[in-house]
Amino acid sequence: MAQETVFSKIIRKEIPSDIVYQDELVTAFKDINPRAPSHILIIPNKVIPTVNDIEVEDEAAMGRMFSVARKLAKDEGLADDGYRLVINCNSHGGQEIYHVHMHLVGGRPLGPMLL
Ligand code: 5GP
């Protein structure tokens, strides 16, 4: 079984966080260190360390992450001007927390790289 990170504690509400969406497959919460006016992390509730570890059985959760990103982008008023979805993988990708997460960032022109 994959090792838990701080994100599992956030899912279970064992530590404080600003959760903006949660269902049976995914959880979304505000990044503790926002790099843009809107910066939300969308994660599967199941511990999946990296994109390399995604299995066919995880496809529903992965699809839900995109559906929730679309909804939250609209809720945050980002949809028309645009936003960025980023998933980092392993050290060259700059991944710090080994629980798959999609960054939803927007609210200003983002430039070529951000995360
Ligand atoms: P990564 O570099 O792994 O793609 O991104 C990890 C993200 O998780 C970073 O943007 C970091 O600010 C965020 N983060 C790390 N620890 C916490 C935490 O305890 N709470 C919240 N809300 N975000 C966290």
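The values are calculated or read from the model by the stated rules, or taken from the named source; none is laboratory data. Every value quoted in this text rests on a predicted model; they were computed, and no experiment measured them. Every residue, glycine as well, gets a Cβ built from its backbone with ideal geometry; the counts of neighbours run over all protein chains shown. Accessible surface is based on the protein model in full, side chains and every heavy atom, while ligands, DNA and RNA are left aside. Shrake-Rupley method; radii C 1.70, N 1.55, O 1.52, S 1.80 Å.
3J(HN,Hα) along the stretch 94-105: x, 6, 10, 10, 8, 9, 3, 8, 9, 7, 10, 10 Hz, from the Karplus curve 6.51 cos²θ - 1.76 cosθ + 1.60 with θ = phi - 60°, whole Hz, x for Gly and Pro. Within the straight-line cut-off of under 15 Å between alpha carbons, the aspartates and glutamates reachable from residue 71 are 23, 80, 81, sequence neighbours fewer than 8 places apart in one chain being disregarded. When exposed loop sites are taken as GluC sites (Glu not before Pro) in a DSSP loop with at most 11 other Cβ atoms within 10 Å, the longest stretch of the chain clear of them is 56-95. Principal-axis analysis of the Cα atoms of the chain puts helix 59-75 at an angle of about 30° to the longest axis.
The simple spin-label model puts a point 7 Å past each Cα toward its Cβ; for residue 86 and residue 51 those points are separated by 1.3 nm.
Residue pairs exceeding 23 angstrom between C-alpha atoms, taken from 13/46; 9/46; 13/74: 13/74. Here residue 20 sits with roughly 60 square angstrom of accessible surface, probe radius 1.4 Å.
Given their separation in residues at 0.36 nm each and the Cα-Cα distance between them, residue 18 and residue 75 gain 19.0 nm when the chain is fully extended. Here the chain has 52 percent of its accessible surface on carbon and sulfur atoms, given a 1.4 Å probe and all protein chains in place. Each semi-axis of the equivalent ellipsoid for the chain is √(5λ) with λ an eigenvalue of the Cα gyration tensor; in descending order they amount to 22, 16, 14 Å.
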